[in-house]
Every structure is written in structure tokens, then in C-alpha cells.
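Let me begin by presenting the structure, written as C-alpha cells, before commenting on it.
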Amino acid sequence: MYIANPDRYKKMEYRRSGNSGLMLPVVSLGLWQNFGDHSSYENMKEMVLTAFDHGITHFDLANNYGPQNGAAEKNFGRILQEDLLPYRDELIISTKAGYEMWLGPYGNWGSRKSLLASLDQSLKRMGLDYVDIFYHHRMDPNTPLEETMGALAQAVRSGKALYVGLSNYDGPTLEKAAEILTDLNVPFVINQNRYSILDRSIEKNGLQEMTNALQKGLITFSPLAKGQLTNRYLNGIPADSRIRTDGRFLHESDLPQAKVEELRKLNDLAASRGEDLSVMALRWVLDKSGTTSVLIGASKPEQILKNLQVLDSKPLTKQELEQIDKIAHRIHEIEAAHA
Ligand SMILES: NC(=O)c1ccc[n+]([C@@H]2O[C@H](COP(=O)([O-])OP(=O)(O)OC[C@H]3O[C@@H](n4cnc5c(N)ncnc54)[C@H](OP(=O)(O)O)[C@@H]3O)[C@@H](O)[C@H]2O)c1
């Protein structure tokens, strides 16, 4: 029988999600990759328990995480049943709906029909009565915002979600959605968006500014740029890496030699701080105003332990931030030239 590490809360830092009552660990674990049907169940279980043993109380899922769609929720549900359910009140479990999940017009986007059916399916797969956070996964240009927000409100009123979140929204849409959710008295507490040294979209589309203005939380996904901001690809492409094992969301062509050379410079900078590139990349996001938590992925428990070293890392200096910006700028130029 699993017994959680009694010291699990000694080191982790918890930040408040905006001005809500919800505290999240600064490092959260996402189950998008490596929790599907083709992955080792023992490895995924070890990753989840390693995370929890070190104070990572937040696990992020979505209806379609797999492959197959739903597999990550099913596998996480098994881990809950076998080991973690006695600790349910120490866990923040999130799921989402909004990307294609099942066939036909109701398995996608943001209708009331789709969101509420999807939440019921997610709860069933995980064997839960409620999730802590239910997200709309992406903006839907064709469904009235009032309908989508109304479905989130219903999820909370029915007791199937404690809080709601929005993912991949931009600043202006977030502002409108937040107004509707406030009118409906819904505890909307968090935004989930991509943010890393290599992807600054939220600085440009108003999301970061609006999140701060509205005093909402921000959990940032792919803070390691799916593995590019680690030592993973500095000397070739390992056989067990995401590029080789999955190949859907990160490709060899994303890493031309000139870009790898710039990534090496980032790695050297991290080394001069006495840390790994992944740790510096996480510190960079955590130092940004309004960040509540970095949402990492992993393929091995050791990666989670390595990334937790961010808890010991010092804030980046002005000079280091400038150096990072210069390298990131050169990387964007290289990416644009290869696009
Ligand atoms: N809302 C959305 O639309 C959305 C979209 C994408 C992701 N997300 C969420 O964000 C989570 C994280 O996304 P992500 O997996 O792209 O995040 P990421 O943290 O940028 O990338 C994780 C990958 O980096 C590599 N890695 C991690 N730590 C490492 C270390 N210490 N040393 C070497 N390599 C390391 C691993 O790659 P290898 O597998 O190659 O070892 C790992 O799978 C997802 O699970 C999901 O919950 C949300």
C-alpha cells in the first residue's frame, strides 16, 4: 500500500491563484503526454507518486489526453483507485473540454451539450464525483460566449466542478468571459496558456496583462517548450525522446542546427548559474508577474525531481534576462527562416 512521504509539504512553495482562495504548487504536473495507452503504467504511476511525494498537489488532464482519447484520465483514475484516493482532499485535479473528443457535432468546441457531456465522461473515467477545476480548452468562434460560460456555471452548480478555468483564450475574449462568469457568480480562478522563453504569445495577445488586471491565476503550459528548453536535444535526438516516441507535436525539423547552437548558449548560461537549462527555463516563467504555477510534462520521475530544483534557484538577474532575450530573439529569427 502506498504511503505518501510525510515530508511532502516541507519544501514546495504554494501560490494563490489570482485573488481566489485556491493555492497551487509552483510546479504542477500535466498528463498530456506519456500517460496514454502506449506508455508504461508503472512509469506513469511512479511519476504521479514521485510528484505528490514532493508537494506537487496539482495534476492537469483533459478529456482527449491519450492516445486514445480519454486514456490519460482512465490511467490516472486507476492510480487514484490504487494509491491516491485516500489523499483526495490534498489533490487539485483538473480536466478540460473543447478539442475534438468524440465523433459528430457534439464532441468538440464549446456548446453546452458538448461541455456537460464531456465532464460527465471525464468523471466516469477517473472514478470521481467532482473535479477541482473544469476548463474550457480553447476559444470557440461559433458558440456564443454566454452559452459556453453558462455550461461552466452549470458544472459548478451541479457540484461536478469546484472552480472553472479558461485555456488558450486571448486578452479581449478573457475580459468578456470574465464579466459573464462574474455575473453568473462562478468561481473562475485560472487561465491556462502556453508560455516559455521561446513562446511569448501571451505578452502580445493581451492575456498576461488582462489576467493580472482581473486578478486571476495563470498556469503556464509547455514551459520547457516540450523538451527543447532542457538538455534533451543538445547532442542529437535520443531514441526515448518525445520527437522519436510521439512525433505528433514536436519534430526533428523544429530543431535546425543553428537553433540547437543557440539552445547550447542558453544551456551555458544556466550552467554559469550552477543549474540545468530546464531549471533556468522554469525559473524564468516563475519570475514573471502573475504566474501561479508552471505546468510541466515528464517522461521519467527523474525529470520531475530535476525540475523541482527550481525551488532552490535564485531569481534571474537583469543581465541574465537580457542575455536570454537576445538568444530567444535569434532563435525566433532562425525559426522564421526555417518556417
Ligand atoms: N491547455 C492546453 O491547450 C495545453 C497544451 C499543451 C500542454 N498542456 C498541459 O501542459 C502540460 C505540459 O506540457 P508539455 O509536456 O509540453 O511541457 P514541457 O514541460 O514543456 O515539456 C515536457 C517534456 O520535456 C522533457 N523534459 C522535462 N523535464 C526534463 C528534464 N529535466 N530533462 C530533460 N528533459 C525534460 C520531457 O520530454 P521527453 O518526453 O522527450 O523526455 C517532457 O515530456 C501537459 O501535460 C498538459 O497538462 C496544456
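The values are calculated or read from the model by the stated rules, or taken from the named source; none is laboratory data. In this text, all values refer to a predicted model and were calculated from it rather than measured experimentally. Cβ sites come from the backbone with ideal geometry, for glycine too, and all protein chains shown count toward neighbours.
Details
- Count of the stretch 192-217 residues which are of a type in the set (S, T, N, Q) and either in a helix (DSSP H, G or I) or farther than 26 Å from T95 by Cβ (or both): 4
- Out of L321, L269, one residue alone is over 26 Å from I243 (Cβ atoms), surrounded by fewer than 19 Cβ atoms within 10 Å (Cβ to Cβ), away from the ligand (no atom under 14 Å from the Cβ) and at pLDDT 95 or above. It is L321.
- Looking across the stretch 245-295, the residues that are assigned to a loop (DSSP other than H, G, I, E, B) and among the charged types (D, E, K, R) come down to D246, R248, R273, E275, D276, D287, K288.
- Checking I56 against (1) surrounded by fewer than 19 Cβ atoms within 10 Å (Cβ to Cβ); (2) within 20 Å of D89 (Cα to Cα), the condition it does not meet: (1)
- Selected residue [in a loop (DSSP other than H, G, I, E, B) and either within 16 Å of the ligand (Cβ to nearest atom) or buried (at least 19 other Cβ atoms within 10 Å of the Cβ) (or both)] from L103, L123, L128: L128
- The stretch 173-191, residues that are touching a helix residue (DSSP H, G or I) at 6+ places or on another chain (Cβ under 7 Å) and not in a helix (DSSP H, G or I): L184, V186, P187, F188, N191
Per-residue answers, yes or no, for (1) more than 15 Å from the ligand (Cβ to nearest atom); (2) free of Cβ contacts under 8 Å to residues at least 40 places away in the same chain; (3) over 20 Å from I133 (Cα atoms); (4) in contact with a Phe, Trp or Tyr (Cβ under 9 Å, 6 or more places away or on another chain):
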{"site": "R16", "(1), (2), (3), (4)": "yes, no, no, no"}
{"site": "N19", "(1), (2), (3), (4)": "yes, no, no, no"}
{"site": "N34", "(1), (2), (3), (4)": "no, no, yes, no"}
{"site": "A72", "(1), (2), (3), (4)": "no, no, no, yes"}
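- Qualifying residue in the stretch 224-234 (condition: among the hydroxyl-bearing types (S, T, Y) and modelled with pLDDT of 95 or more): yes
- Condition check for K160: touching a His at 6+ places or on another chain (Cβ under 8 Å), of a type in the set (K, R) and under 29 Å from R8 (Cβ atoms): no
- Restricting attention to the stretch 52-62, the residues being in contact with a helix residue (DSSP H, G or I) (Cβ under 8 Å, 6 or more places away or on another chain) and within 12 Å of the ligand (Cβ to nearest atom) number 3.
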